[in-house]
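Okay, structure first, notes after.
The values are calculated or read from the model by the stated rules, or taken from the named source; none is laboratory data. Since we're looking at a predicted model, the values are computed, not measured. Neighbour counts are summed over all protein chains in view; Cβ atoms, including those assigned to glycine, are modelled from backbone coordinates with ideal geometry. Keep in mind that these areas ignore ligands, DNA and RNA; they rest on the heavy atoms of the full protein, side chains included. Shrake-Rupley method; radii C 1.70, N 1.55, O 1.52, S 1.80 Å.
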Amino acid sequence: MLKKRLAAAALVAAVLSGGCQGEPAGRKVPTVTLTLANNLSSGSCTSRAIDWFAAQVEKRSDGRIQIEVYHDGVLGDSPSCLEQLRYGGIDMVKTDEPTMSNYVSDYYAFAMPYIYRDTEHFRQVHREAVGMELLRGEAMAEQHMYGLTYYDGGARGFYSKKPIHSPEDMEGMLVRVQNSRLMMDMVEALGASPVALDYGEIPGELQKGGVTAAENSIVNYVQDGYDEIAPYFVEDNHTRNADVLVMSTVIRSKLSPEDLEMIDQTALESWEYQKKLWDQAEKTAREELKLHQAVIYQPNEEEMEAFRRACEEVWSDYEGGAYLDLIDRIVAEGRMQTSGREKEEEGEIYGRE
């Protein structure tokens, strides 16, 4: 009996020291393993930033916290992963603002057409009070979610088989959009007819005339080869949706304040890294298009004003004007941004009056 007890004690000691698992003496075994679901391909700018984030968390925690990243939608699409996250089945999910609007409706305001002046306005809104209050606010907590960071999803433009310089050019066009009422309302306000299709259906429908235009970022336009089917791309930048990295409050309740602070800060730093990757990707896309037959058009201010004016009713009418106060705050950030840099031209109108 004594021999059996001594043998059992030796086995326990071996397990605690990691000896039975072949770990070298002194090596720190991770105490927490987190899962992160990402529906984007592993080579995208956002996926690369997520990989950087996971590596930095492991490094900064001295190996105590590891994040297992699953790219390419291996764990399911964003809505299904978010449902699991709310109950602790998945620890982190990379999603986007349109999907998040199903849980926290204020995200609709961030997706309104022509609400951002430019990339810096978009980034400023998301990194300052307006964006951070939503990302890490009470409405998110009620859904058992905590926003870690935003990522750039790029400005979206229309690509088509004929040039688009103004809303008048879109009259009668069949435009593919995501299955989103907000996007459909925008296309209708511009005089075209929205057609909701899955992303994979676009090439075939463009070729056979089921749709005559679609919309996306210039990066995806080039990467997916749509310039070969629809050679006209207008950079009207109608929307600038952000991706969102969300963490479950279930797992956050099990981590120390020090670890949570480290994770939060590292996530925000990963957005800074992703911005550089995205800016370079846009530059590369434009350089590549110079070698193709595609025509990229940048509307002048008068033309952009026509696009904005056509969609003003979307701002005021959507959900009975429920998001007008938040829209005003977003637009005000743009005015603050320009006030220190340049004086607005007399008579220029931007935003709701």
Worksheet item: What is the Cα radius of gyration of segment 92-173 over 2.2 N^0.38 Å, N being its residue count?
Response: 1.34
Worksheet item: Cα convex hull of the chain: how many Å³ per residue?
Response: 170
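Give, rounded to the nearest 20 debye, the magnitude of the charge dipole that segment 84-133 has about its Cα centre when Lys and Arg contribute +1 at Cβ and Asp and Glu contribute -1 at Cβ. Don't skip to the end; give the middle numbers.
Details: 5 positive and 8 negative charges, 19 e Å.
Rounded to the nearest 20 debye, it is 80 debye.
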Worksheet entry | Accessible carbon and sulfur surface of the chain relative to its total accessible area, %, 1.4 Å | 49
Worksheet item: Out of residues 5 or more away from residue 148 or on other chains, whose amide H comes under 5 Å of its own, with H placed 1.01 Å from N in the peptide plane?
Response: 245, 246, 247
Worksheet, complete the sentence: Counting only protein heavy atoms and rolling a 1.4 Å probe, one gets per residue an accessible area for the chain in Å² of 48
Discussion item. With a 10 Å cut-off between alpha carbons and a GNM built on the chain, which of 185, 279, 224 moves the most?
Written reply: 224
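Could you calculate the FRET efficiency of residue 260 with residue 120 from 1/(1 + (r/R0)^6), where r is the beta carbon distance between them and R0 is 30 Å, rounded to 0.05?
Values: r = 30 Å, r/R0 = 0.99.
Result of the calculation: an efficiency of 0.50.
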